[in-house]
1. For region 182-210, enumerate the residues that are over 16 Å from residue 150 (Cβ atoms), in contact with a helix residue (DSSP H, G or I) (Cβ under 8 Å, 6 or more places away or on another chain) and in a helix (DSSP H, G or I).
2. So for region 86-100 (the condition being within 20 Å of residue 188 (Cβ to Cβ) and part of a helix (DSSP H, G or I)), does at least one residue qualify?
3. Which numbered condition in (1) buried (at least 22 other Cβ atoms within 10 Å of the Cβ); (2) in a helix (DSSP H, G or I) is the only one that residue 57 fails?
4. Filter region 161-179 down to residues that are within 14 Å of residue 150 (Cβ to Cβ) and at pLDDT 65 or above and give me whichever is nearest to the chain's Cα centre (by Cα).
5. Only one of these conditions is not met by residue 267: (1) farther than 16 Å from residue 198 by Cβ; (2) outside the structural domain of residue 21 (by TED's automatic domain parsing). Which number is it?
6. Looking at (1) within 24 Å of residue 385 (Cα to Cα); (2) surrounded by fewer than 19 Cβ atoms within 10 Å (Cβ to Cβ), which is the one condition that is false for residue 365?
7. With the requirement that a residue be assigned to a helix (DSSP H, G or I) and touching a strand residue (DSSP E or B) at 6+ places or on another chain (Cβ under 9 Å), what does region 103-113 give you?
8. Can you tell me which residues in region 40-53 are more than 23 Å from residue 314 (Cβ to Cβ), touching a helix residue (DSSP H, G or I) at 6+ places or on another chain (Cβ under 6 Å) and assigned to a helix (DSSP H, G or I)?
């Protein structure tokens, strides 16, 4: 966990702010993010690429709050987006469109046209059909789309199946041999400019060997395309560097880059800029979810802490059986065997199952650590529960950066027809 979160003066703090102060003012559940942790993680990644012409693109899907995005844009980051909504967000947050790459297997006409209108750096194209649609829309609007082919290197990243994208059976990317054949047809497309190759094998990567293998395979394609006369200006090596949630042995950014540095340096001598897309590593350990214990309960020989945060607020434990460390905000040392569950009407609504947890009393505050990535961004209104507030801390200052939803927000946009 990032050292921006620590115990001081008898309670858990984010930078110089007591989390209890935030909870008392903003309520719970609430996501809290550390500006310092965001900057530290971004700088570590950026510095790991020292000596290489590169751009670190933040994967917006990890955490798309406007304030978080504004901070990263100010650091000099690019943006990796996967929807028109994310494009709208990064433009509102102040990103340079020439630092924006648009990924995703199912871009709509509206999304492609929006990207063309903003003159983004690259569209990462994932199929022949997508390429043909992009050509048609670019021609209609008199634009040229800069294209990067996303390659499927057929490598298993040894991560959770739901976030593994590099196997040959995945919905993502184009096999290398098909990509070569497709490149040979690029002369048919008057409004597309093939200038990049992209690959990404998955998220929460903790082993470097599969990643290095995938980069070497994809770099081979870059070299072959250059030999065939294509001006490949960009090589996107993907991202997915893991963070430590529990006891994982996670490579540092320098180890991550050094594992493929010789390959990247060889490409760099021929004028190819390196892109990477990182979300979890930048945002994950920068955030926590604050929740308050509502009740204690014993049932069937088990003890439960029932909190005001549930699976609609933090889905990862229910969806992936993911582990998040649970800390007492008041630094209580006592622990007990229990499950931390929420108020959602689902047996799968748990935040920590069968664990040794702080022995919290009703009304006590708990913090679920490493919740800055894929926390709020996956939150929902399931059970008609308003989504939580979000807060950003910088030094001794903090501010609400998303208001807690109200009950009226739950029905905003819903209409009762006249025939009812």
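1. The one that is over 16 Å from residue 150 (Cβ atoms), in contact with a helix residue (DSSP H, G or I) (Cβ under 8 Å, 6 or more places away or on another chain) and in a helix (DSSP H, G or I): 208.
2. Keep residues of region 86-100 that are within 20 Å of residue 188 (Cβ to Cβ), which gives none.
Checking region 86-100: not a single residue is within 20 Å of residue 188 (Cβ to Cβ) and part of a helix (DSSP H, G or I).
3. (2)
4. 172
5. Residue 267 satisfies all of (1) farther than 16 Å from residue 198 by Cβ; (2) outside the structural domain of residue 21 (by TED's automatic domain parsing) except (1).
6. (2)
7. From region 103-113, those assigned to a helix (DSSP H, G or I) are 109-113; that's our starting set.
Answer for region 103-113, where residues must be assigned to a helix (DSSP H, G or I) and touching a strand residue (DSSP E or B) at 6+ places or on another chain (Cβ under 9 Å): 111, 112.
8. Listed by number, the residues that qualify are 42, 44, 45, 48.
The values are calculated or read from the model by the stated rules, or taken from the named source; none is laboratory data. No experiment lies behind these values; they were computed from the predicted model shown. Every residue, glycine among them, receives a Cβ derived from its backbone with ideal geometry; neighbour counts consider all protein chains shown.
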